[in-house]
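Bear in mind that the values in this text are calculations on the coordinates, not laboratory data. As the structure is a computational prediction, the values presented were derived from the model and not from experiment. Glycine gets a Cβ as well: all are built from the backbone with ideal geometry, and neighbour counts include every protein chain shown.
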Amino acid sequence: MIGFFISKPITLYALITGASKGIGKAIAIELAAKKNNLLLIARSENLLKALAKDLADEFGIIADYLAVDLANADAGYAIYNWCVEKNYSINILVNNAGYGLNGLLDEYSLEEHLANMQVNINMPVALTYLFLPQLKKHPSYILNVCSGAAYQAVPGLNIYAASKAFLLSFSRGLRYELKNSNVSVTAVCPGATDTDFPNRANVTNAKAKKLAEKFNMSAKTVAVIALNGMFAKKPEVITGFVNKLSAFFAWLLPKSVLEKSAAGIYGLK
């Protein structure tokens, strides 16, 4: 008698950082609507718990969460080890968490800047590195949420813009490295979006706030555009015509002109 062993299908998840608010939350909702199981990562445990329950109930998916401060150097290992202990396998990694600090370099402590860079730069690299062997086992996607600020220096929001330029360059280089694998890498570069970013970044300049409000896109719209680009395996996605035009001018105009304009928006002379 010949026996047959039928392997149990692996349950796959989408892991999203910064999932409790803004673009990350909107991406989580859109992925849940597409019947993707979710692993939600952010600092706010109460918000994550409520979101996980709501999405599981509404869309009939599996949703779990881990509250962790991504500014901690060992947060990447904490997330990865949690997934290993829970036997969670992912096929979508969304590096969304990020924030800015508005002001001059010496207006913040070195510790604040390093924590900012830890979240914006080190964490996407760490999570990508740790989960890459797992991602290569299945048709998978990496979505890195960059910014329209990635295309130029922004005095007054300097480290944020530089960190997003890093993430964009990292995404494109990684995409090429993985071109013969199962993993597709997409960078999405939103412009002004209706999120809590201005408050988290301590943006107080009225001109900057007014300009952002004028061109704000909803987090849902950004999430839909980002995911459409990701599933279409596009290398780079800029959300909206105005933001595409801004990126074009960032390429066309002298850097000194762009920097002076950006500085004026954020209250610098």
Subject >> Under the Karplus curve 6.51 cos²θ - 1.76 cosθ + 1.60, θ = phi - 60°, whole-Hz ³J(HN,Hα) for segment 100-108, x wherever Gly or Pro sits >> reply: x, 10, 7, x, 6, 3, 7, 7, 10
Original post:
If each residue's Cβ is checked for other Cβ atoms within 10 Å, how do Val224, Val154 rank with the fewest at the top?
Top reply: Val224, Val154
**OP:** Enumerate the amide H contacts of Ser184 below 5 Å, restricted to partners 5 or more residues apart or on another chain; note that Pro and chain-start residues carry no placed amide H.
**Re:** Ser140, Tyr141, Ile142
**OP:** Mind sorting Glu107, Glu236 by how few other Cβ atoms lie within 10 Å of their own Cβ, fewest first?
**Re:** Glu107, Glu236
Subject >> Long pairs among Lys86/Lys137; Lys34/Lys136; Lys53/Lys136, criterion Cα-Cα beyond 26 Å >> reply: Lys53/Lys136
Subject >> ³J(HN,Hα) computed for each position of segment 184-190 - Karplus, 6.51 cos²θ - 1.76 cosθ + 1.60, integer Hz, glycine/proline x >> reply: 9, 10, 10, 9, 10, 10, x
Original post:
Which FRET efficiency, nearest 0.05, do Lys233 and Asp106 yield, Cβ-Cβ r, R0 45 Å?
Top reply: 0.60
Subject >> Inter-label distance for Arg43 and Thr11, nm, one decimal - labels placed 7 Å from Cα along Cα-to-Cβ >> reply: 3.0 nm
Subject >> Net length gained if the chain between Lys136 and Leu114 were fully extended (0.36 nm per residue, minus Cα distance) >> reply: 4.8 nm
**OP:** Please label the shape of segment 12-265 as rounded, prolate or oblate, based on the square roots a ≥ b ≥ c of the eigenvalues of the alpha-carbon gyration tensor (a/c under 1.5 means rounded; beyond that, a/b larger than b/c means prolate, else oblate).
**Re:** prolate
**OP:** Would you mind checking which residues have amide H under 5 Å from Val237's amide H? H placed 1.01 Å from N; only 5 or more apart, or other chain.
**Re:** Ala187, Val188, Cys189
Subject >> Cα gyration tensor shape of segment 1-96, rounded if a/c is under 1.5, else prolate or oblate by comparing a/b with b/c >> reply: oblate
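In which sequence would Lys25, Lys244 go, from the one with the fewest C-beta neighbours within 10 Å to the one with the most?
Lys244, Lys25
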Original post:
Using modelled amide H (1.01 Å from N, peptide plane; none on Pro or chain starts), what sits under 5 Å from the amide H of Ile90, excluding residues fewer than 5 places away?
Top reply: Tyr13
